[in-house]
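Coordinate-derived values only; no laboratory data. Worth saying up front: this structure is predicted, and the values here are computed from it rather than measured. Because the Cβ atoms are built from the backbone with ideal geometry, glycine has one as well, and the counts that use them run over all protein chains shown.
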2 protein chains.
Amino acid sequence: MTSNALTRKLDRWEHLSDDDQVTLAAISGRIEPVARHKQLIEEGDDPRIVFLLIEGWAIRYKILPDGKRQIVAILLPGDLCDIHVFILDRMDHGIAMLTAGKIVRIPKDTMLAVVDQNPAIARALWWTTLVDEAVLREWLVNVGGRNAYARVAHLLCELYVRMGNVGLVTDGRMSLPLTQADLGQALGLTPVHVNRMLSQLRGKGLVTFRAFQLRILDLDGLIAAAGFDPGYLHGKRPERTIGSWSRPRRNSTAKLPESPA
Amino acid sequence: MTSNALTRKLDRWEHLSDDDQVTLAAISGRIEPVARHKQLIEEGDDPRIVFLLIEGWAIRYKILPDGKRQIVAILLPGDLCDIHVFILDRMDHGIAMLTAGKIVRIPKDTMLAVVDQNPAIARALWWTTLVDEAVLREWLVNVGGRNAYARVAHLLCELYVRMGNVGLVTDGRMSLPLTQADLGQALGLTPVHVNRMLSQLRGKGLVTFRAFQLRILDLDGLIAAAGFDPGYLHGKRPERTIGSWSRPRRNSTAKLPESPA
DNA sequence: GCATAGAATTGATCTGGATCAATCCTAAAT
DNA sequence: ATTTAGGATTGATCCAGATCAATTCTATGC
């Protein structure tokens, strides 16, 4: 099970041979539980380990000189926590769990050795970093160019698609373990204003969000409100469903999880 | 000369053997001139070519549904224009020249073959993408968390450091071929407001900017105004000076090009 | 059931940047 | 020298979001 999360993720981009899969299985060993709000890596650390997030949510963030925290990425189950290992001698950002969860640690040296000997794996990993970059670009566009309402809508769309890709959306509902303050830090908005935008979205019958459960009521409406481009995550093939979270997809041609009409 | 821009850039991150260098020299052949404002790749294209920017400036940008343009990266001489070739079957953003300049085209297949057979080169290229990502993160922080004044200052700091790294800063002066409207599109600000922030910076004796020439008068002051972290670009070793632009560095220990006191 | 603490919500007010609208510069073209 | 066009600058006003300040929920734990 454990290794498969990684294999499955990478195989989505680049076909991996059986050998490659065995290699990956070998490096991703024991799963460890991690506590809510646990710092996985701190800004300034010399990263020596790649984390594979098996369960739970995490964030990448940077602290501004005035102490404000800017969230620069949201990591979902199946995401690779830090390949930056390969260049950064000093992390330029921190990574912290948002919820309790489970991770697998992969030491830097293991990772480097594998990459050196398995071009297909290297390429697949590289691809994941390029996808991360595409998401980051879209976040920049979001914060730089959209108003608060569209901005919130856009983030919800993105998370909905990404959660759908890993099989964590059921009937238009998903867990969204961010407080409104957290959302604000990801969007460059005040918690108060996030709240107002959310209630506006609720008022228009697009979504519902309470008790950390997001429900999409009108996906098309939300997409329109956000100016969201469903193609932007560069999904090649939809990820196969994952272990215990899995749920058969009802419609293999749909790019987005269906929203309940 | 031509090949060396690439070699030099990559060698900065990962030591390349003579063989590797020969390989790189072989793939980066003829230099072509490109016109000002030439679109290198358009959003939606299936990218088939990597561009190496030899001379001139370019931008990565995305167009919002309402037609606004958000600049998501600024490319300087020596930058690799698009490795995204490797994943994206559809470009999620466009790339356009800002000035006239010179480029080298490298076909996707060539690139893929080289990468497959030269792990060191692959790793070096991967590194460049991770550095790009670090810059992107900082841009997000900039737009999401800083006020207009610090935001402008921060971009100027970044460009100053990057230009210094490729030997294009002389006595605290550099070319900056962006209009104030362009700066606004990179920063999520109005041209009018960019203008006001610039004159504020000028008023405090930090910089001067006219006729597309930026002059840093008080680097420490600018860094302080920006909340800039000089380490953020992850420079491992300073890039060696490049061809005709080069100028011996006066102080090998300085991280930043000196500003004239 | 009651207390507690972390969130969400709501209202009132303020302000950093946006907008709108003229000029003003400056370099290249005639 | 004069026109022209792309930028820069300046001033006046507006408004989306920030701030400040209470409440109100809601899930705990006792």
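Listed values, structure above:
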{"quantity": "Selection from B:209, B:72, B:127 lying farthest towards where the dipole of chain B points positive, charges on Cβ", "calculated": "B:209"}
{"quantity": "Cα-based helix-to-principal-axis angle, B:148-165 vs chain B, degrees rounded to 10", "calculated": "40 degrees"}
{"quantity": "Lys/Arg +1, Asp/Glu -1 at C-beta; the range B:2-131 dipole; positive extreme among B:33, B:52, B:17", "calculated": "B:33"}
{"quantity": "Most mobile listed residue (B:56, B:167, B:205) in chain B, GNM with C-alpha springs under 10 Å", "calculated": "B:205"}
{"quantity": "Of B:192, B:114, B:135, the one that fluctuates the most in a GNM where chain B has Cα springs shorter than 10 Å", "calculated": "B:192"}
{"quantity": "Inter-copy spacing of residue B:25 label points, which lie 7 Å from Cα along Cα→Cβ, given in nm from shortest upward", "calculated": "4.6"}
{"quantity": "Rounded D (µm²/s) - the range A:1-120, Kirkwood Rh over Cα pairs, Stokes-Einstein at 25 °C, 0.890 mPa s", "calculated": "165 µm²/s"}
{"quantity": "Distant-in-sequence amide H partners of residue B:98 (H built 1.01 Å from N, under 5 Å)", "calculated": "B:37, B:57, B:58, B:59"}
{"quantity": "Taking chain A and dividing mean pair separation by its residue count, relative contact order in percent (alpha carbons under 8 Å, at least six apart)", "calculated": "20 percent"}
{"quantity": "Average beta-carbon neighbours from other chains, 10 Å sphere, peptide A:142-150", "calculated": "6"}
{"quantity": "Shielding of A:64-73 by partner chains, average beta-carbon count, 10 Å", "calculated": "5"}
{"quantity": "If the convex hull is drawn through the Cα atoms of the protein assembly as shown, its volume per residue in Å³", "calculated": "142 Å³"}
{"quantity": "Computed over chain B, Kirkwood Rh from alpha-carbon pairs, angstrom", "calculated": "19.0 Å"}
{"quantity": "Above-threshold pairs, the threshold being 18 Å between Cα atoms, out of A:9/A:38; B:9/B:102; A:9/A:102; A:108/B:108; B:38/B:102; A:38/A:102", "calculated": "A:9/A:38; A:108/B:108"}
{"quantity": "Relative contact order (%) - criterion: Cα under 8 Å, at least six apart; region: the range B:2-131", "calculated": "35 percent"}
{"quantity": "Cα-based reach from residue A:204 at 16 Å (exclusive), listing aspartates and glutamates while leaving out same-chain residues under 8 positions away", "calculated": "A:218, A:220"}
{"quantity": "In degrees, nearest ten, helix A:108-117 long axis to first principal axis of chain A (Cα)", "calculated": "70 degrees"}
{"quantity": "Euclidean distance of C-alpha centroids, the range B:56-123 and the range A:34-78, integer Å", "calculated": "28 Å"}
{"quantity": "Most fluctuating residue given options A:225, A:113, A:181, as computed from a GNM of chain A linking Cα atoms under 10 Å", "calculated": "A:113"}
{"quantity": "Within chain A, helix-based [θ] at 222 nm, where runs of 4 or more DSSP H residues each add -39,500 (n - 2.57), nearest 500", "calculated": "-12500 deg cm²/dmol"}
{"quantity": "Protection proxy ranking of A:14-23, B:148-157 - average other beta-carbon atoms within 10 Å, highest first", "calculated": "B:148-157, A:14-23"}
